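Structure record follows, encoded as structure tokens.
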Amino acid sequence: MKCKITGKIIKPFMSFGNMPIANGFLQKKNFKKEFLFKMEVGFSKDVSLFQLNDHPKPKLMFNKNYPFFTSSSNYMIKHFKKYSEWIKKNVQIISAANAICHVPNLISLIKGIDFLLSKEGLFIFEEPYLGSMYEKTSYDQIYDEHIFMFSLSSIKKIFKLFDFELIDAIPQKTHGGSMRYIVGRKGKHKKTKRLSILLSKERKKNIDNYKGCLNFKKKCENSKNKLVEKVKKFKRSNLKIAGYAATSKSTTILNYCKIGTNYIDYICDTTKEKIGKYSPGMHIPIVNMNYFKKNIPDKAFLFAWNHKKEIFKKEKRFTSQKKWFAHIKI
């Protein structure tokens with residue numbers, strides 16, 4: 001395993017086992033030819049970078065069958081409206097959102113930014129944040145598309161290699177905890193006090209070093225054991241369990257914890273491209289929301305936990321009965 005920035009060999013510190021394409025919802029006839037890869041993660045101490053050891057080729061992940069649509073969430077629509085309005089205040093920029101962590105060749109990407117960006121310009125982008133993942137033990141942020149989980153420390157060190165500077169960072173609530181990074185050319189912009197405070201917090205919480213990885217691994221293993229015991233307890237009590245929202249994140253949870261139709265009867269979703277198919281790897285049937293309302297379960301596994309406010313408001317009748325659970329605290 002090599003660091004995708006320095007090229008140095010780094011050892012994986014954790015394996016999640018064989019994993020399918022996170023958004024690879026499939027028909028029953030395709031079960032036997034489903035693609036799997038060994039999902040391991042490693043950490044480059046030189047640039048504080050958390051990355052996948054290996055990942056499928058982009059065509060396997062992003063194609064005409066790709067079933068993720070930001071517009072399905074009112075919260076995300078509002079978020080990107082605010083983001084665009086904020087960006088408009090800065091004239092000379094290159095911007096991105098939830099895209100940079102998908103790009104395997106960061107070196108080529110940064111060289112492209114260097115070529116295109118004006119001397120006074122800013123590169124502004126936001127991605128799921130490593131610190132939030134560590135804090136929540138939300139290991140479901142790790143899947144084939146998320147090649148990197150960035151921190152302020154990693155962005156600062158990586159861009160420094162190309163004569164850029166991280167000058168500011170703004171925490172975001174999206175995806176269960178993201179960070180907006182503002183990068184400029186070296187010596188062209190003043191760094192904010194907020195950035196200094198956030199970097200100090202990362203050092204204190206071991207987000208910038210290998211110790212943080214080992215702590216995270218222990219927390220993941222504990223979380224897995226607790227979740228498996230919880231669903232087993234539900235089954236021993238003859239409770240019916242359903243999944244709510246067939247997310248890409250749910251693929252990591254279900255396959256890492258080996259939770260399939262032995263525990264969960266179905267997963268309901270609003271995305272027509274997923275309905276009638278089966279979840280990647282564990283092959284749980286995906287049904288529409290009408291089925292959920294007609295076949296109310298005793299417990300619902302909230303896979304879209306980062307949209308809980310929006311979902312709880314929509315499912316008031318079910319929410320009032322306190323039947324929700326997740327692999328993290330909700």
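The values are calculated or read from the model by the stated rules, or taken from the named source; none is laboratory data. Just so it is clear, the model here is predicted, and its values are computed rather than measured. Cβ placement follows ideal geometry from the backbone for every residue including glycine, while neighbour counts extend to all protein chains displayed.
PRO12 fulfils the conditions (1) within 20 Å of LYS218 (Cα to Cα); (2) in contact (Cβ under 8 Å) with a residue 60 or more places away in the chain except for a single criterion, (2). Considering only region 188-224, how many residues are in a helix (DSSP H, G or I), more than 30 Å from LYS119 (Cα to Cα) and not acidic (Asp, Glu)? The qualifying residues number 17. In a residue-by-residue description of region 201-208, the property of being among the hydrophobic types (A, V, I, L, M, F, W, C) and closer than 27 Å to ILE253 by Cβ applies to at least one position. For LYS81, the conditions (1) surrounded by fewer than 15 Cβ atoms within 10 Å (Cβ to Cβ); (2) modelled with pLDDT under 80; (3) over 29 Å from LYS160 (Cα atoms) all hold with the exception of (2).
Residue check: is ILE158 surrounded by fewer than 23 Cβ atoms within 10 Å (Cβ to Cβ), assigned by TED's automatic domain parsing to the domain that holds GLY17 and modelled with pLDDT of 95 or more? No; evaluated as a whole, the condition is false for this residue.
Would you call SER95 in contact with a helix residue (DSSP H, G or I) (Cβ under 9 Å, 6 or more places away or on another chain), farther than 20 Å from SER223 by Cα, among the polar types (S, T, N, Q) and in contact (Cβ under 8 Å) with a residue 24 or more places away in the chain? For SER95, the condition - in contact with a helix residue (DSSP H, G or I) (Cβ under 9 Å, 6 or more places away or on another chain), farther than 20 Å from SER223 by Cα, among the polar types (S, T, N, Q) and in contact (Cβ under 8 Å) with a residue 24 or more places away in the chain - is met.
Conditions tested, residue by residue: (1) assigned to a loop (DSSP other than H, G, I, E, B); (2) assigned by TED's automatic domain parsing to the domain that holds THR252; (3) out of contact with any strand residue (DSSP E or B) (no Cβ under 8 Å at 6 or more places or on another chain).
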site: LYS274; (1), (2), (3): yes, yes, no
site: MET282; (1), (2), (3): yes, yes, yes
site: ILE286; (1), (2), (3): no, yes, no
site: PHE292; (1), (2), (3): no, yes, no
site: ILE296; (1), (2), (3): yes, yes, yes
site: ALA300; (1), (2), (3): no, yes, no
site: GLU310; (1), (2), (3): no, yes, yes
site: GLN321; (1), (2), (3): yes, yes, yes
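Across region 151-161, the qualifying residues are those that are touching a helix residue (DSSP H, G or I) at 6+ places or on another chain (Cβ under 9 Å) and touching a residue at least 60 places away in the same chain (Cβ under 8 Å), and the one among them that is farthest from ILE197 (Cα to Cα) is LEU161. The residues of region 237-251 that are part of a loop (DSSP other than H, G, I, E, B) and farther than 25 Å from ILE147 by Cα, listed by number, are SER237, ASN238, LEU239, LYS240.
Taken as a whole, the structure leaves LYS293 outside the set of residues that are modelled with pLDDT under 95 and on the phi > 0 side of the Ramachandran plot.
Output the number of the condition that ASP144 fails; it satisfies all remaining conditions of (1) assigned to a helix (DSSP H, G or I); (2) closer than 22 Å to THR247 by Cα; (3) in contact with a helix residue (DSSP H, G or I) (Cβ under 9 Å, 6 or more places away or on another chain). Condition (1) is where ASP144 drops out.
Which of the numbered conditions does LEU254 fail, given that it passes all the others? Conditions: (1) in the same structural domain as TYR291 (by TED's automatic domain parsing); (2) touching a helix residue (DSSP H, G or I) at 6+ places or on another chain (Cβ under 9 Å); (3) assigned to a helix (DSSP H, G or I). Every listed condition holds for LEU254 apart from (2).
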